[in-house]
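FYI, it's all coordinate maths here, none of it is from the lab. The model shown is predicted, which means the values in this text are computed figures rather than measured ones. Backbone-built Cβ (ideal geometry, glycine too); neighbour counts: all protein chains shown.
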């Protein structure tokens, strides 16, 4: 074995050995819940408004940070309602609540994805302009809530 084939193998091997693998941002996702126990739609809406973070039924907080060596991390925390006695709800309400929570989680995960996307963009930019990227994704979050009516247009409703 020799000639051009061996030369190609040597060139490829030296290229792979000589390049450093780009590390993807470290992503950490956490789930928090708050308790609700009402057995009517009106009661649940009131409890979620009063007990939910910042008056929302569900909430996603993401925080991107990076080091001087451009090691990027993002922490995403989802906060969702949890009924402490779902069997006490009438079956129709329980189904509506379960559907609403599933749709709310889908909505909140999109907010989380915005934070993850911000982290990846900062990583690709070698951490240059990181604060501007954060502001960009904060605006994307705001526009997403406006466009979906905080998920209401995507099934985050309780009947």
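One residue stands out among those in the stretch 117-144 that are out of contact with any helix residue (DSSP H, G or I) (no Cβ under 8 Å at 6 or more places or on another chain) and in contact (Cβ under 8 Å) with a residue 24 or more places away in the chain: the one that is surrounded by the most Cβ atoms within 10 Å (Cβ to Cβ), which is 119. Here residue 112 passes the criteria (1) more than 18 Å from residue 52 (Cβ to Cβ); (2) buried (at least 17 other Cβ atoms within 10 Å of the Cβ); (3) touching a strand residue (DSSP E or B) at 6+ places or on another chain (Cβ under 8 Å) except the one numbered (1).
Taking the numbered list (1) touching a residue at least 40 places away in the same chain (Cβ under 8 Å); (2) surrounded by 13 or more Cβ atoms within 10 Å (Cβ to Cβ); (3) more than 19 Å from residue 154 (Cα to Cα) in turn, residue 43 passes all entries but (1). Within the stretch 85-93, the presence of a residue that is within 20 Å of residue 140 (Cβ to Cβ) and either touching a residue at least 60 places away in the same chain (Cβ under 8 Å) or not in a helix (DSSP H, G or I) (or both) is excluded.
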